[in-house]
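*Asks:* The structure follows.
Here, each number is a calculation from the coordinates, and none is a lab measurement. The structure presented is a predicted model; accordingly, all values stated were derived computationally and were not measured. Positions of Cβ are generated from backbone atoms using ideal geometry, with glycine treated the same way; all protein chains shown enter the neighbour counts.
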Amino acid sequence: MARNDIKIGIIGAGSMGSAIASGLVAAGAWEASSILVAGHNGHGCEPLAELGILTFVDAALMLAEGPDVVIFAVKPQVLPGVMADAAAACAGKLCVSIAAGVPISAIEAALPGARVVRVMPNLCVQVLSGASAVACGPSVTGDDAELACSIFGALGRASLMREDQLEVEGAVVGTAPAFFAVFVDTLTRAGVKAGMPSAACRELLLATMAGTATQLLESCEHPRAYAEKVTSPGGTTAAGLYELEPLLFEGSFAAVDAALARSAELAGK
């Protein structure tokens with residue numbers, strides 16, 4: 001049954017803010033009337049308003065409605081200014097930031113009296129298959145942590161982690177939708193080169209990716225054990241993996257290292 005006992009205010013109606021708001025409604029987790037969203041000059045709010053979500057042209061008007069939870073769904077570069085404007089209204093509230101690279105300590109300093117949670121979601125929250133890491137500040141209560149996990153768990157899966165693990169999660173899980181999409185595109189190109197029609201190849205690969213993920217999630221089987229089921233000794237999959245794995249291994253480690261390095265740069269470390 002959808003909740004209406006806790007009002008969630010979201011500052012930012014971009015791709016992630018909108019996905020969180022609309023996803024909570026689509027999942028049946030929250031009543032639309034209990035979700036408030038403020039977009040810059042109302043930008044991006046029209047589709048949310050059509051769902052019955054309360055929308056506002058700026059954060060001050062939204063915060064005046066007294067949401068119980070405030071989610072800062074804005075880019076790291078603009079977060080300091082947004083927090084400065086919202087600080088007084090956020091005292092005593094549970095505040096959630098999804099901005100990469102901005103530590104809990106900095107958010108607490110900018111929002112005196114707020115109980116701070118950092119969350120690193122990925123874009124798949126748009127289809128209720130997201131993956132979110134949740135880290136809690138020292139003043140966060142057990143109920144706060146449970147509430148944060150219930151919000152983002154309604155959009156897919158949410159896991160509690162230490163804050164020092166969040167940047168790694170962002171570099172691995174946060175970037176993974178792009179990595180997976182590029183991998184499908186690359187395999188499609190290989191299939192087309194070998195003679196398959198492009199559209200059919202892409203559609204079948206995407207269906208295979210979805211099916212593989214579903215089977216792995218439902219069975220809790222280790223990915224290596226799953227791969228072995230598909231791999232016959234001396235067969236085509238074995239031959240393909242022989243060529244792919246070294247490149248994939250090296251590329252994956254390099255990609256995560258590069259993402260972590262860029263995250264540190266953005267955080268000014």
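*Asks:* With 10 Å bins from zero, work out the P(r) of the range 8-162 over every alpha carbon pair and list the percent per bin.
*Replies:* 12, 47, 37, 4
*Asks:* Compute and list, largest first, the equivalent-ellipsoid semi-axes of the chain from the alpha carbon gyration tensor, each √(5λ) rounded to a whole angstrom.
*Replies:* On the way: eigenvalues 289, 86, 60 Å².
Taking √(5λ) for each Cα gyration eigenvalue gives 38, 21, 17 Å.
*Asks:* Assuming 0.36 nm per residue, please report the length gained on full extension of the stretch residue 207 to residue 33 beyond their Cα-Cα distance.
*Replies:* On the way: separation 174, 0.36 × 174 = 62.64 nm, distance 3.55 nm.
Here the segment from residue 207 to residue 33 would lengthen by 59.1 nm.
*Asks:* Using the C-alpha atoms of the range 174-266, what convex hull volume per residue, in cubic angstrom, is computed?
*Replies:* On the way: hull volume 11.7 nm³, N = 93.
Hull volume over Cα atoms, normalised by residue count, gives 126 Å³.
*Asks:* Can you give the extra length, in nm with one decimal, that the chain gains between residue 237 and residue 15 once fully stretched, where that is 0.36 nm per residue apart less the Cα-Cα distance?
*Replies:* Values: separation 222, 0.36 × 222 = 79.92 nm, distance 3.78 nm.
This chain segment gains 76.1 nm when fully extended.
*Asks:* With each pseudo-label sitting 7 Å past Cα toward Cβ, what's the residue 215-residue 46 distance in nm, one decimal?
*Replies:* Result for the modelled spin labels: 4.4 nm.
*Asks:* In deg cm²/dmol and to the nearest 500, what is the mean residue ellipticity at 222 nm of the chain if only DSSP H runs of at least 4 residues count, each as -39500 (n - 2.57), divided by the residue total? Spell out each step's value before the answer.
*Replies:* On the way: 11 runs with 137 residues, N = 269.
Rounded to the nearest 500, it is -16000 deg cm²/dmol.
*Asks:* What is the spin-label model distance, in nm, from residue 265 to residue 198 if the labels are put 7 Å beyond Cα along the C-beta direction?
*Replies:* Placing both labels 7 Å along Cα→Cβ, they lie 3.1 nm apart.
*Asks:* Each residue of the range 120-127 in order: what ³J(HN,Hα) in whole Hz does its phi give by Karplus 6.51 cos²θ - 1.76 cosθ + 1.60, θ = phi - 60°, with x for Gly and Pro?
*Replies:* 10, x, 10, 5, 5, 4, 4, 10
*Asks:* If you don't mind, there's one more thing I want to ask. Once whole DSSP H runs in the chain are found, which of them have Cα atoms spread over 24 Å or more along the helix axis and a mean Kyte-Doolittle score of at least 0.5? Provide the component values of the computation, followed by the final result.
*Replies:* Details: long enough: 176-194 (27 Å, 0.97); 198-219 (31 Å, 0.60); 236-266 (43 Å, 0.59).
Length and hydropathy pass: 176-194, 198-219, 236-266.
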